[in-house]
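Bear in mind these aren't lab numbers, they're just calculated from the coordinates by the rules spelled out. Remember, it's a predicted structure, so these values are computed and weren't measured experimentally. Every residue, glycine as well, gets a Cβ built from its backbone with ideal geometry; the counts of neighbours run over all protein chains shown.
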Amino acid sequence: MIDDNEINHLAHLARINIEQTDKEKLSRDMRAILTYVEKIKSSSALGFIDKNTSRPKHANIMREDENPHDAGLYTDALLNTAPRAKDNYIEVRKIIV
Amino acid sequence: MSASLPKTIKEARDTLSSGRVSPEEIISETKRAAKEKNPDINAYLEIFNPEQSSNENGPLGNIPIAVKDNILIKGKHAGAASKILENYVAPYDATVTRKLRDAGAVFIGRTNMDEFAMGSSTENSAFGVTKNPLDMSRVPGGSSGGSAAALLIGGALGAIGSDTGGSIRQPASFCGLVGLKPTYGAVSRFGLIAMASSLDQIGSITKTVDDAEIMFGVLRGRDSLDATSQEGIPEKDTPSYKKRIGIPRALLEEEGIEKDVKDVFEKTVLEMKRQGYEIVDIELPNAHLALSVYYIIMPAEASSNLARFDGIRFGFHADGETVLDEYLKTRAGGFGEEALRRILLGTFVLSSGYYDAYYKTAMTIRNTIRDEFSEAFEKVSAIITPTTPTPAFKIGEKTKDPLAMYYSDILTVPANITGVPALSVPSGFVTRDNVALPLGLQIMAPHFHEDILFSIGRDVESIT
């Protein structure tokens, strides 16, 4: 399942350059881990109709979109953490090429 | 700490209120011990300048507390021990930070950890290994190893950490301390650098169960800034069979749990029977799969949570020619090996073609394990196991084999998978290379029944 092509594909999806990593070791380790976690296929839980009796009832907890804080309250604090900021903006490389 | 100074939070509160010891003595002695021992142990990434308690009469008035590097303190560096957040200064307090400060706690410093809480030994920090003060050739456990070590060197009276798969309980076990992972939702995660949002929980490392209860009282509560937090009313009252406890025997038969660890556990069980506990065998048919489920769900959530580290809004930034180039270089330059591995694993199990077989299946089994725990709690009020399959292992022993390292969590992950609260209490010792190493006994209780943990924990604690 995890070969070199797959590793490169995953690294691209995750936006991480892995040219400096030991891809051999990475694939080997990931294969070993995936082999281990595939144990889940043996679970007695699979293949049965879902009882769903004691399933916790999840619901989205949303608050009303109201009471905004004053504009600009946190701007400085947030811009101070940005590696490249200019005026009131965070600066990035050209996005539309 | 010198002989006359208090060794626990409870003792400190008593001696402070009686005036026998002054706040200055406790805090300055704590800082002195921290500064003296830290170069050898590396428990702290940073020791703060002298701080004043903002509430001397609070439940933690003038109590020195250590804070794990993934919990934000406004104005201080926070980085989850990762290079990718090397210069990040927190612009706000975590809710737990605010609560501790309001209770009067004095923060001594921020403690070392495995990068992004990914690890079971504190060997994955970008800023060096933390050594176990009980045996410096061994690990203190992880990922909250720094917090545990800080207590042992006398550099704090209590510590907070985070536990996603055992990261509080396992270091507590390896260091002879009490570690509490509260019920999922009992403590706000606002201001905790997220690893796996359905598994993470902030908790405490302390010397005693009483101290854990004091800390929990301060940390707990519903927070409007964390939609997953709750006030913590248990669904059911403490049952009438509260002295009946279950042991999931099949789980203890898993390979890798060392024989003398099991022997020590059985000895404690015998003592608990003498204390009047009825101990029965229970079945948790899918609990042995909890580790597999965890190593699918956790990397999936972590890969999503760590997507924010792109060098744009905060943290480490590597220059590139395009936005994509900068993402690729920043993340390559900032993440350590374990973080990279887990991000890629998570990306894999969520990717098209594999999502059903891995992530969706894992979620189904997760629900099943949760149901099995609920069924067990119809018959017993708590479930006990050893906390860890081994005592503290040697530095470097498991770093070459990720699976061997992951295996340390086999007994702790079920509590994160199900969300139940769990407490590790020091219980017995084993010998390795002529050194006595502590072990922990883990107690698990139904959701929001930390009271059961403290009650049983105190009994286990009294067994010498």
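Would you give the gap between the C-alpha center of the range B:265-282 and the C-alpha center of the range B:105-126, rounded to a whole Å?
The two parts, judged by their Cα centres, are 35 Å apart.
From the alpha carbon gyration tensor of the protein assembly as shown, can you work out the equivalent ellipsoid semi-axes (sqrt of 5 times each eigenvalue) and give them in Å, largest to smallest?
They are 34, 31, 23 Å, listed largest first.
Compute the whole-percent fraction of alpha carbon pairs in the range B:269-357 spaced more than 17 Å apart.
65
Pop out the Kirkwood hydrodynamic radius of the range B:70-204 from its pairwise C-alpha distances, inverse of mean 1/r, in Å to one decimal.
Result for the range B:70-204, one decimal place: 14.5 Å.
Quick one: of B:LYS68/B:LYS360; B:LYS207/B:LYS379; B:LYS181/B:LYS394; A:LYS23/B:LYS398; B:LYS262/B:LYS394, which pairs are farther than 22 Å apart, Cα to Cα?
Listed pairs above 22 Å: B:LYS68/B:LYS360; B:LYS207/B:LYS379; B:LYS181/B:LYS394.
Using label points projected 7 Å from each Cα along Cα→Cβ, tell me how many nm separate B:TYR355 and B:LYS400, to one decimal.
3.9
If I take the Cα coordinates of the range B:339-464 and project them onto the principal axes, what are the three extents in Å, biggest first?
54, 42, 18
Could you tell me the calculated FRET efficiency between B:ASP263 and A:ALA77, based on Cβ-Cβ distance and R0 = 45 angstrom, to the nearest 0.05?
0.25
Give the value in nm², to one decimal: projected area of the alpha carbon convex hull of chain B, averaged over all directions.
21.3
Between B:SER304 and B:ALA250, with labels modelled 7 Å along Cα→Cβ, what's the label distance in nm to one decimal, could you check?
3.0
Tell me the mean residue ellipticity at 222 nm calculated for chain B from its helices only (DSSP H runs of n ≥ 4, each -39500 (n - 2.57), averaged over every residue, nearest 500). Show your work: numbers first, answer last.
Numbers: 15 runs with 164 residues, N = 464.
That comes out to -10500 deg cm²/dmol.
Cross-link candidates for B:LYS236: which aspartates and glutamates have Cα within less than 19 Å, leaving aside residues fewer than 8 places away along the same chain?
B:ASP371, B:GLU372, B:GLU375, B:GLU378, B:GLU450, B:ASP451
When the Debye formula is applied to the Cα atoms of the range B:213-313, each taken as the same point scatterer, what base-10 log of I(q)/I(0) results at q = 0.15, 0.18, 0.19, 0.22 Å⁻¹?
With one equal scatterer per Cα and no solvent, log10 I(q)/I(0) is -1.08, -1.18, -1.18, -1.16.
State the Cα centre-to-centre distance between the range B:418-432 and the range A:62-97 in whole Å.
Cα centroid to Cα centroid, the span is 44 Å.
Kindly write out, for the range B:40-51 in residue order, the coupling ³J(HN,Hα) from the Karplus curve 6.51 cos²θ - 1.76 cosθ + 1.60 (θ = phi - 60°), rounded to whole Hz, with x marking Gly and Pro.
Taking θ as phi minus 60°, the curve returns 7, 9, 6, 6, 9, 7, 7, 9, 7, 5, x, 10 Hz for the range B:40-51.
Just to compare against my own numbers: the Cα pair-distance distribution for the range A:57-97, 5 Å bins, whole % per bin, please.
For the range A:57-97, the binned pair fractions read 5, 15, 17, 12, 13, 13, 13, 9, 3, 0 percent.
Kindly state, as a whole number, the per residue volume in cubic angstrom of the convex hull around the alpha carbon atoms of the range B:326-387.
132
Which one, B:TYR295, B:VAL380, B:THR206, is farthest towards the positive end of the dipole of chain B when Lys and Arg carry +1 and Asp and Glu -1 on their Cβ?
B:THR206
Whole-Hz ³J(HN,Hα) for each residue in the range A:69-77, computed from phi via Karplus 6.51 cos²θ - 1.76 cosθ + 1.60 with θ = phi - 60°, x for glycine and proline: what do you get?
Once rounded to whole Hz, the list reads 6, 4, 4, x, 4, 10, 4, 4, 4.
Taking every DSSP beta bridge that has both residues in chain B, what percent is antiparallel when rounded to the nearest 5? Numbers along the way, then the final one.
Values: 34 of 49 bridges.
Of all bridge pairs located within chain B, approximately 70 percent are antiparallel.
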